[in-house]
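Colleague: One structure follows; several queries about it will come next.
The values are calculated or read from the model by the stated rules, or taken from the named source; none is laboratory data. Not measured: the values here are computed from a predicted model. We place every Cβ from the backbone using ideal geometry, glycine too, and count neighbours over all the protein chains shown.
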Amino acid sequence: MRHLLSAGELDRDTALLILDTAAEMSALSERSVKKLPTLRGRTVVNLFFEDSTRTRISFELAAKRLSADVINFAAKGSSVSKGESLKDTALTLEAMGADAVVIRHWDSGAPYRLAHANWIGGSVINAGDGTHEHPTQALLDAYTMRKHLRGGQGALEGVRVGIVGDVLHSRVARSNVLLLQTLGAEVTLVAPPTLLPIGIEEWPCEVSYHIDEVLPKVDAIMMLRVQSERMKDAYFPTAREYSRLYGLGGERMKLLPEHAIVMHPGPMNRGMEISAEVADSAQAVMVEQVANGVSVRMAVLYLLLGGAKELSE
Amino acid sequence: MTAIVIQGVRPYGEDAVDLVINDGVITEILAPGTGVGTIIEADGLIALPGFVDLHTHLREPGREDAETIETGSQAAALGGFTCVHAMANTDPVADTAGVVEQVWRIGREIGLIDVRPVGAVTVRLEGTQLSEIGAMANSAAGVTVFSDDGKCVHDALLMRRALEYVKAFGGVVAQHAQEPRLTENAQMNEGELSGKLGMVGWPAVAEEAIIARDVLLAEHVGSRLHACHVSTAGSVEVIRWAKSRGVNVTAEVTPHHLLLTEDLVATYDPVFKVNPPLRSTADVLALRQALADGTIDAVATDHAPHPHEHKDCEWGSAAMGMLGLQTAFSVVMETMVEPGLLDWRGVADRMSVRPARIGAVATQGHALEVGALANIVVVDPDARWTVVPEQLASKSSNTPYAAREFPGVVVHTFFEGRPTVLGGKIA
Amino acid sequence: MDSARAHDLRTVLSGDDIARATRRIAHEIVEKAKGASDLVILGIPTRGVYLAQRIAAAISEIEGVEVPVGSLDITLYRDDLRLQPPRALEPTSIPAGGIDDKTVVLVDDVLYSGRTIRAALDALNDVGRPAAVRLAVLVDRGHRELPIRPDYVGKNIPTSSTEQVFVRLSELDGTDAVEIADGAGA
Ligand SMILES: [Zn+2]
């Protein structure tokens, strides 16, 4: 593995290796001394063209726990906001000797481009690109499901997962569908037809327009963030109607099996796709998702940077 | 002035002859080896009327870093063209007699091809007020083709008026069919792949809906419509239906829409970013069929040079468009001639005769006969070549065909009886 | 391992030898520690873990008390990470009582350059602060590159650096043996 650009490029063995490694990292993170010397002398750049404090901090903590040097390169207050291109930024980072670039970008495919355009030599980790993918989020979601539903072992064969909300604009949904399919889970996407991409029937999952039909049949339900501004583009009539038809509130949660977990990639829109009551309930695992995110990202950084570079270099 | 003899050439791939040119006109067609004058070897090569491009972005004035009328003229001549229509989306926009005359004059001075300026339909391409179509038509440039290309004349009323107004000047409105609301921030063909790649889709219906509306408008007002760069199977159906009703509509297809498909977008390499976007294999096959049966009248390059920095970047920031002049003939050969969809007379018809007629260019698209103006291209159908972007004459190098091998080489080009290209080099 | 099988394998320790060696080491540990009360036995994956379990079982037999036993993965502390592709991690399990103020006995199968033990000492340092750290190995084959020496040795086996030493344990390999292969050309 040289880069992590898409959850779809992970085969089952590699995905399980990452999850197993993350489990070890998680155990190490419970010690009083949380720092490991593994990536001493390596430089990880967080290159964020989009604001996402939580994802950046998660990567930063993961890299620091492995003793890597971390440079945060934010679009705001840097040459990027003055209009420096991704390419020029990349060349700068290359000159500084970045071993890995963790990139969050508004443009779908920007990490792929960064990895393949011969601008840099280091590893590229996709921390969310446009409406395309967010592979480490899918990995931490799979990790969380495995821990709760499979005792932290093996893959996710037979686990039934509902993903509800703005699938069209969701990189989390895309990465989850791909990874969960690789790990053997059964996914049902739930959304109004306006928020499902054209061609969804070819995706390796089921699709439903009705959340109430799906809730009783799942082991995990993932609520996606829905921006209320979407109604301006006529994706749905009003935030109130969206919330009524697709939001997860206390009453509706009773349809969920008792063992099922409620997930959300954050940040939550309480009152929109999820009610405060559900978000704070015992079945909600959002806080744990955050902690698992650090372990999964440590695993990814270790597996990308912890060994020799590929022989092709 | 001595005669020029294109010796042993096969017009339309038929029997070998000597084509004798005097004072810009084909004066004699003789048995091979019998013509007297300056001999230009063309044994076994094929002569066709010089190609006419209905859709070229020469970028001058305004973006001379991407292309100039001079470099564009060279690329055109090397591609076998003797006439191109220079699109109006320059800076300033070609929306006045002044701008179109300037472009036309520079083209004349360079003298490699006919540069026929296209006039903007609306002022600054803004889609709100008609530009001075009459002034441009009556200028020295004699503009006949009007287009806001790059943008769609989406206001139905304005489109109706434009179609009506150009009738007075024998003009045609060339529509870039793209419903703007359906294509906001669109990046690629909308379909399964756009959903997977997380890219905003450019649905086929956004093209088809505008073409459907416009053929009905053209029928209603009795005017002439030309559909630019038709890219979908649905558009082909609409045009076929309109022609069967007797609507005065013509259509063009680009070489890249005859050859390339949307799968290339998965590389995220912006060299494949173009508007309208690359479509599905089914669309490509429908377009080839339509060009073969004449539903689509012409091949037009949509040659769109962009400076390196506008393509060597991430997809979303990249400019749309690709070079086309020097590869057009080879693409047509690979997609139409080799599979048997077009013979050489068919190539002449779709790349020269019909585009000249659509653009009302009286001096182009003549049959290779005694008395015809000598705008001629001589090609080698048996030779192959490999595209090296930096070696193209264009100032830009955004060809999607880097390192690709093609059949068919343009060997000589004659413009108004003078050789502009000899042995594959500017004469 | 398959490539080694093609060469001549010399058995230097039999199953019985290994059993005797582990029992002897267990006795020595108890003797030196004056009992088993503050001992923690930590094996270094992979085979060190099974040896640690055997030694702990032997001590329990001798002393009649359970000895805390666990494993300590040193992968993330290795100094040669960049020389090979990334390795999968092995589990680290520290017994519930921790290692603070205990006598930790590290157990590995073969002691060679000493770099693994250096990494283990670093790893241990992040886990807690033992009163003392001892080292038990089944085989010491020499060629130390660091100032590290074992406290308990099953057998000293002088080797040349081209030779390979294979420790086979029944838990993993179905049989107990230590074999040496002439590594030349391997
Ligand atoms: Zn256009």
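Colleague: Using beta carbons and a limit of 8 Å, which pairs, at least six apart or on different chains, have the first residue in the range B:1-21 and at positive phi and without any contact (Cβ under 8 Å) to a residue 40 or more places away in the chain and the second one buried (at least 20 other Cβ atoms within 10 Å of the Cβ) and assigned to a strand (DSSP E or B)?
Modeller: So the pair list comes out as B:GLY8/B:VAL17; B:GLY8/B:ASP18.
Colleague: Of everything in the range B:68-90, what is within 12 Å of B:HIS57 (Cα to Cα), away from the ligand (no atom under 16 Å from the Cβ) and assigned to a loop (DSSP other than H, G, I, E, B)? Give them in sequence order.
Modeller: Listed by number, the list holds a single entry, B:THR68.
Colleague: Collect the residues in the range B:17-31 that are part of a loop (DSSP other than H, G, I, E, B) and either under 29 Å from the mean Cα position of the chain (by Cα) or buried (at least 17 other Cβ atoms within 10 Å of the Cβ) (or both), keeping them in residue-number order.
Modeller: B:ASP23, B:GLY24
Colleague: Out of the residues in the range B:266-277 that are away from the ligand (no atom under 14 Å from the Cβ) and buried (at least 22 other Cβ atoms within 10 Å of the Cβ), which is farthest from B:ASP149 (Cα to Cα)?
Modeller: B:TYR268
Colleague: Shifting gears a bit: Return the only residue of B:THR399, B:THR335 being in the same structural domain as B:THR261 (by TED's automatic domain parsing) and among the β-branched types (Val, Ile, Thr).
Modeller: On inspection, the qualifying residue turns out to be B:THR335.
Colleague: Consider B:MET320 against the criteria (1) within 16 Å of the ligand (Cβ to nearest atom); (2) under 19 Å from B:GLY80 (Cα atoms); (3) surrounded by fewer than 24 Cβ atoms within 10 Å (Cβ to Cβ): it satisfies all of them except one. Which criterion is unmet?
Modeller: Tallying (1) within 16 Å of the ligand (Cβ to nearest atom); (2) under 19 Å from B:GLY80 (Cα atoms); (3) surrounded by fewer than 24 Cβ atoms within 10 Å (Cβ to Cβ), B:MET320 fails exactly one: (2).
Colleague: Then there is this: Show the residue pairs that are 6+ apart or on different chains and have beta-carbon atoms under 7 Å apart, the first residue being within the range C:64-77 and more than 14 Å from chain A (Cβ to nearest Cβ), the second being surrounded by fewer than 22 Cβ atoms within 10 Å (Cβ to Cβ) and not in a strand (DSSP E or B).
Modeller: C:VAL65/C:ALA36; C:GLU66/C:SER60; C:VAL67/C:ALA36; C:VAL67/C:SER60; C:PRO68/C:PRO95; C:PRO68/C:GLY97; C:VAL69/C:GLN53; C:VAL69/C:PRO95
Residue-wise test of (1) more than 14 Å from chain A (Cβ to nearest Cβ); (2) within 16 Å of the ligand (Cβ to nearest atom); (3) in a loop (DSSP other than H, G, I, E, B).
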position	(1), (2), (3)
B:VAL284	yes, no, no
B:THR301	yes, yes, yes
B:GLU309	no, no, no
B:GLY324	yes, yes, yes
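Colleague: Counting only residues that are more than 21 Å from B:GLU338 (Cα to Cα) and in a helix (DSSP H, G or I), how many does the range B:258-282 have?
Modeller: 9
Colleague: Return the residues of the range A:92-137 that are over 18 Å from the mean Cα position of the chain (by Cα), outside any loop (DSSP other than H, G, I, E, B) and closer than 19 Å to B:GLY316 by Cβ; say none if nothing qualifies.
Modeller: A:ARG113, A:LEU114, A:ALA115, A:HIS116, listed by residue number.
Colleague: Right, here's the next one. Take the range A:173-208 and flag every residue that is surrounded by 22 or more Cβ atoms within 10 Å (Cβ to Cβ), within 11 Å of another protein chain (Cβ to nearest Cβ) and hydrophobic (A, V, I, L, M, F, W, C).
Modeller: Within the range A:173-208, A:ALA173, A:VAL177, A:LEU178 meet the criteria.
Colleague: What are the residues in the range A:138-188 that are under 25 Å from A:ALA110 (Cβ atoms) and part of a strand (DSSP E or B), if any?
Modeller: Hit for the range A:138-188 is A:ILE163, nothing else.
Colleague: May I pose another question? Can you find a residue that is in a loop (DSSP other than H, G, I, E, B), closer than 18 Å to C:VAL137 by Cβ, within 14 Å of chain A (Cβ to nearest Cβ) and under 19 Å from the mean Cα position of the chain (by Cα) anywhere in the range C:46-54?
Modeller: Scanning the range C:46-54, I find no residue that is in a loop (DSSP other than H, G, I, E, B), closer than 18 Å to C:VAL137 by Cβ, within 14 Å of chain A (Cβ to nearest Cβ) and under 19 Å from the mean Cα position of the chain (by Cα), so the answer is no.
Colleague: Another one. Within the group A:LEU36, A:LEU19, which residue is touching a residue at least 24 places away in the same chain (Cβ under 8 Å) and over 15 Å from the mean Cα position of the chain (by Cα)?
Modeller: Only one candidate qualifies: A:LEU36.
Colleague: With respect to the numbered conditions (1) within 16 Å of the ligand (Cβ to nearest atom); (2) in contact with a helix residue (DSSP H, G or I) (Cβ under 6 Å, 6 or more places away or on another chain); (3) more than 14 Å from chain A (Cβ to nearest Cβ), which one is the sole condition not fulfilled by B:VAL249?
Modeller: Answer for B:VAL249: the failing condition is (1).
Colleague: If you take the residues in the range A:254-313 that are in contact with a Phe, Trp or Tyr (Cβ under 9 Å, 6 or more places away or on another chain) and part of a loop (DSSP other than H, G, I, E, B), which one is modelled with the lowest pLDDT?
Modeller: The residue in question is A:MET272.
Colleague: Quick one: which of B:VAL153, B:VAL115, B:VAL173 is within 16 Å of the ligand (Cβ to nearest atom), touching a strand residue (DSSP E or B) at 6+ places or on another chain (Cβ under 9 Å), assigned to a strand (DSSP E or B) and free of Cβ contacts under 8 Å to residues at least 60 places away in the same chain?
Modeller: Unique residue meeting the criteria: B:VAL173.
Colleague: Now for a different question. Here is a list: A:LEU47, A:LEU5, A:LEU36, A:LEU10. Which entry is surrounded by 20 or more Cβ atoms within 10 Å (Cβ to Cβ), modelled with pLDDT of 90 or more and within 14 Å of chain C (Cβ to nearest Cβ)?
Modeller: Among A:LEU47, A:LEU5, A:LEU36, A:LEU10, only A:LEU36 is surrounded by 20 or more Cβ atoms within 10 Å (Cβ to Cβ), modelled with pLDDT of 90 or more and within 14 Å of chain C (Cβ to nearest Cβ).
Colleague: In the set B:ALA367, B:ALA372, which member is over 20 Å from the mean Cα position of the chain (by Cα) and within 24 Å of B:VAL143 (Cα to Cα)?
Modeller: Answer to the selection: B:ALA372.
Colleague: Scan the range B:127-148 residue by residue and report those that are within 16 Å of the ligand (Cβ to nearest atom) and either within 14 Å of chain A (Cβ to nearest Cβ) or without any contact (Cβ under 8 Å) to a residue 60 or more places away in the chain (or both).
Modeller: Correct list: B:GLY127, B:PHE146.
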